[in-house]
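**Q** What follows is a structure written as structure tokens; I'll ask about it next.
Quick note: the coordinates plus some simple rules give every number you see, no bench work behind them. Treat the numbers as computed from the prediction; the structure is a model and nothing was measured. Because the Cβ atoms are built from the backbone with ideal geometry, glycine has one as well, and the counts that use them run over all protein chains shown.
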Amino acid sequence: MGERILIISNVKRDVELFEGILGSKGFDIETISLSDEIEETILKDAYAVILGDYDLIGNRSYNWIKILQENRSKSCFILYGEKIKSDETSEILQKGIYGFIPRGLLSERIYDTILSGLENRKAFVEILGMIDELRVVNESLKREKEALRTKNQELGFINRLTSEVAYDLNWNGILPKVLDAGLLNVFDVELLSIIYRLDSKWNLALYLSEKEINNETLERLKRNIVDRYFTLSKESILIKEMTFQLYPSNLTIMNKSRQTGVKVSSSSPISFSKPWILPLTLAKKPLGMLIILPKNKEELKKGKKELMSTISNILAMSLKNAQEYHRLKEMAVTDGLTGIYNHKGFIDLTQREFQRARRYNKPLSLVMIDVDGFKDINDHLGHQAGDYALRELACCLKSATRSTDILARYGGDEFAILLPEIDMRKAEALVKRMLHAVRNHAFKWRFEGIKVEISCGISNIDELEEGGNMEELIRRADSRLYTAKQSRKIFYPVSAEA
């Protein structure tokens with residue numbers, strides 16, 4: 001079968017002419033009248049040439065050629081008809097018509113025009129193919145360029161993240177550092193959360209893309225995050241005992257720092273569904289958890305999974321280093337026998353609390369405690385029994401104090417308790433409660449009861465003269481402890497002095 005030619009004409013003589021000249025040359029001739037569905041026909045069937053009677057179809061040919069061009073048709077469109085003006089011929093050619101043949105010259109020119117049009121069509125098809133190939137190459141280059149840009153962006157983020165957090169031993173501001181490293185440039189997130197533990201304290205840092213969030217939604221998010229961590233690690237976390245930090249995306253709503261001034265509204269569209277959850281683990285031991293809630297709830301693709309895994313590893317290593325640092329730091333201020341603060345830890349914290357009480361004009365009391373007859377316990381029952389008595393006494397004292405009080409083993413068999421925002425009267429009441437707890441505690445060593453009695457001395461910051469320091473506060477309490485032991489009054493408050 002030869003090339004297909006579609007003739008748009010109602011003139012029988014023209015059709016017979018074309019069939020006689022072109023049909024004899026091996027072309028396959030088809031005819032369609034103006035009344036038929038021309039647009040559908042020329043698009044549906046691949047015609048090499050479309051011959052149209054311009055006298056019949058007129059300017060409708062412009063619309064058809066436009067349709068062919070929009071659909072990237074390879075058909076060659078040729079018009080014929082009565083002789084037209086040169087400017088009209090120019091307009092026809094500019095519209096994309098290959099040529100125009102005057103009706104009187106049809107028999108002479110039709111075959112050569114068809115051949116020329118087919119040659120033009122062949123070149124046009126080749127050009128279209130080249131354009132398509134070029135488009136494919138350009139699209140591929142564009143994708144590669146975008147992939148390279150994304151990869152460079154991700155590598156830049158990983159480099160900055162490593163620099164920011166890999167050796168960060170603080171971790172109190174870990175989430176802002178992750179954000180500052182550029183996480184929001186590589187992930188479009190609605191929520192970002194890190195839950196972790198330092199020492200015995202659980203921490204939750206939360207970033208939200210929303211500018212506002214209501215309390216109910218916020219509490220629900222906290223519970224959801226804690227529940228997911230329990231599923232991961234089987235560790236229970238009390239939300240009320242957790243340190244929480246919220247970071248809004250629009251920092252202009254903050255007051256003085258990122259941790260304060262969060263604007264809370266009455267409603268929020270945040271929905272905690274399909275989060276990306278990455279455990280922060282080392283040696284298969286959960287240290288914490290990173291949660292990302294992507295916008296549009298998109299799935300985590302392979303490339304992003306690798307990136308998330310890298311982020312998780314960096315954060316896990318950093319967290320492990322921070323935990324080890326805090327453990328060693330805590331050991332430096334913790335008494336190895338009783339687990340409470342040692343002398344160094346007590347002095348450091350007392351110095352801080354003393355300055356705070358002075359600055360804000362707050363009450364502050366100190367209790368010094370000594371075990372009566374401790375040497376007898378060691379001499380008669382052995383040093384292991386003495387150690388046991390000190391451990392039990394520390395537990396007993398701790399149970400009688402508040403969580404904000406600072407309990408320490410001051411040295412040997414001497415203990416100290418710093419009572420922030422407690423005046424002398426309340427301090428005396430606490431000491432009485434503490435003495436009652438010690439009297440009622442069963443100290444038993446290898447089925448043998450141990451008699452543990454204590455003496456106390458109390459001092460208060462309000463007693464000190466202007467310019468009085470922490471050492472004076474300790475000296476007063478220690479002096480009163482000595483007086484209490486000598487007088488056997490058990491404890492010596494300021495009211496007992498002359």
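**Q** In region 1-47, what trypsin sites (Lys or Arg not before Pro) fall in a loop by DSSP, with at most 15 other Cβ atoms inside 10 Å? Mind dumping the intermediate values first?
**A** Working: sites: Arg4, Lys12, Arg13, Lys25, Lys44; in loops: Lys25.
Answer in residue order: Lys25.
**Q** If I model a spin label as a point 7 Å beyond the Cα along the Cα-Cβ vector, how far apart are those points for Leu282 and Phe230 in nm?
**A** 2.8 nm
**Q** I'd like the distance between the alpha-carbon centres of region 438-484 and region 303-343, rounded to an integer number of Å.
**A** Cα centroid to Cα centroid, the span is 35 Å.
**Q** Just in region 85-192: which trypsin sites (Lys or Arg not before Pro) are loop by DSSP and have at most 11 other Cβ atoms within 10 Å?
**A** Qualifying residues, ordered by number: Lys85.
**Q** Using 0.36 nm times the number of residues separating Arg13 and Tyr111, minus their current alpha carbon distance, what extension gain do you get?
**A** 33.6 nm
**Q** Also: Can you pull the one-decimal nm distance between simple spin-label points at Leu381 and Met242, each 7 Å off the Cα toward Cβ?
**A** The modelled label-to-label distance comes out at 4.3 nm.
**Q** So what's the projected area for the chain, the Cα convex hull averaged over all directions, in nm²?
**A** 40.9 nm²
**Q** Here is a further query. Is the shape of region 179-224 best called rounded, prolate or oblate, per the rule: a/c under 1.5 gives rounded, else a/b larger than b/c gives prolate, else oblate, with a ≥ b ≥ c the square roots of the Cα gyration tensor eigenvalues?
**A** Since a/c reaches 1.5 but b/c is at least a/b, the shape of region 179-224 is classed as oblate.
**Q** At Asp372 and Ala332, where each label point lies 7 Å from the Cα along Cα→Cβ, what is the point-to-point distance in nanometres?
**A** 3.9 nm
**Q** Separate question: Between Arg475 and Asp199, what's the calculated FRET efficiency when r is the beta-carbon distance and R0 is 30 Å? Round to 0.05.
**A** Details: r = 32 Å, r/R0 = 1.05.
Efficiency, from the Cβ-Cβ distance: 0.45.
**Q** For region 269-406, restrict the atom set to alpha-carbon positions and state the Rg and Dmax in Å.
**A** Looking at region 269-406, its Cα Rg and Dmax stand at 24.1, 74 Å.
**Q** State the extension gain, in nm to one decimal, for the chain segment bounded by Lys95 and Arg359, taking 0.36 nm per residue of separation less the distance between their alpha-carbons.
**A** Extending this stretch completely gives an extra 86.3 nm.
**Q** Of the trypsin sites (Lys or Arg not before Pro) in region 278-362, which ones lie in a loop per DSSP and count no more than 10 other C-beta atoms within 10 Å?
**A** Filter output for region 278-362: Lys284, Lys301.
**Q** Explain nothing, just the number: relative contact order of the chain, from Cα pairs under 8 Å at least 6 residues apart, as a whole percent.
**A** Averaging sequence separation for qualifying contacts and normalising by length gives 9 percent for the chain.
**Q** Ok, one more. I'd like to know which of Gly345, Leu6, Leu381 lies farthest towards the positive end of the charge dipole of the chain, counting +1 on Cβ of Lys and Arg and -1 on Cβ of Asp and Glu.
**A** Of the options given, the answer is Leu381.
**Q** Another one. Nearest-5 percent of antiparallel DSSP beta bridges in the chain?
**A** Close to 60 percent.
**Q** Let me ask something else. Please report, in debye to the nearest 20, how large the charge dipole of the chain is about its Cα centre when each Lys and Arg carries +1 at its beta carbon and each Asp and Glu carries -1 there.
**A** Its charge dipole is roughly 2040 debye.
**Q** What value, in deg cm²/dmol to 500, does the helix sum -39500 (n - 2.57) over DSSP H runs of n ≥ 4 give at 222 nm once divided by the residues of the chain?
**A** Roughly -16000 deg cm²/dmol at 222 nm, from the helical runs in the chain.
**Q** For the ranges 233-243, 432-442, 363-373, what's the packing order if you count other beta-carbon atoms within 10 Å of each residue, average per peptide, and put the highest first? Intermediate values should be presented prior to the final figure.
**A** Numbers: 233-243: 11.3, 432-442: 14.0, 363-373: 22.4.
Ranked by mean Cβ neighbours within 10 Å, highest first: 363-373, 432-442, 233-243.
**Q** Given R₀ = 41 Å, what would the calculated FRET efficiency be for Tyr325 paired with Asn185, taking r from the Cβ atoms and rounding to 0.05?
**A** 0.85
**Q** Only four residue types carry charge here, +1 at the Cβ of Lys and Arg and -1 at the Cβ of Asp and Glu. Report the dipole size of region 1-104 about the Cα centre in Debye, rounded to the nearest 20.
**A** Approximately 280 debye in magnitude.
**Q** Take the residue pairs Lys285/Lys305; Lys201/Lys320; Lys151/Lys274 and return only those whose Cα atoms are more than 18 Å apart.
**A** Values: Lys285/Lys305 20 Å; Lys201/Lys320 15 Å; Lys151/Lys274 25 Å.
From Lys285/Lys305; Lys201/Lys320; Lys151/Lys274, over 18 Å: Lys285/Lys305; Lys151/Lys274.
**Q** For Lys122 and Leu34, what does the FRET efficiency come to when R0 = 51 Å and r is the distance between their Cβ atoms, rounded to the nearest 0.05?
**A** Numbers: r = 30 Å, r/R0 = 0.58.
About 0.95, to the nearest 0.05.
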